[in-house]
Amino acid sequence: PEMDGFTFTRNVKLDRQLNVLPIVINTSLNGEENKEKAKLVGADGYLVKFNITNLIQEVSRFLK
């Protein structure tokens with residue numbers, strides 16, 4: 001890939017036309033350091049190790 005999810009998220013959140021879109025990072029990267037990095041770049045949610053139930057719950061928060 002040309003950029004990672006953190007960079008993508010930061011770029012979207014800096015764009016005035018796109019920054020209203022909620023972004024949930026879904027990754028295999030575990031640890032508080034990565035979760036904090038996700039917050040710093042503007043991610044609205046962060047999920048570790050794909051779990052369909054957790055994904056549905058997290059995405060549902062933004063569909064209401």
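No lab work stands behind these numbers, since they all come straight from the coordinates. Note that the structure is a prediction, hence the values are computed from the model and not measured. Virtual Cβ from ideal backbone geometry, glycine too; neighbours counted across all protein chains shown.
I need GLU36, GLU2, GLU58 ordered by Cβ neighbour count within 10 Å, fewest first. Provide the component values of the computation, followed by the final result.
Details: GLU36 10, GLU2 5, GLU58 18.
By the 10 Å Cβ count, ascending: GLU2, GLU36, GLU58.
With charges only on Cβ, +1 for K and R and -1 for D and E, what is the dipole size of the chain about its Cα centre, in debye, rounded to 20?
Its charge dipole is roughly 220 debye.
Using only Cα atoms, what is the ratio of the radius of gyration of the chain to 2.2 N^0.38 Å?
1.10
Report the local net charge at LEU21: Lys and Arg +1, Asp and Glu -1, summed over other residues whose C-beta lies under 15 Å from its C-beta.
+1
Quick one: which residues, 5 or more positions from ASN26 or on another chain, have an amide H under 5 Å from its amide H? H modelled 1.01 Å from N in the peptide plane, none for Pro or chain starts.
Amide H neighbours of ASN26: LEU47.
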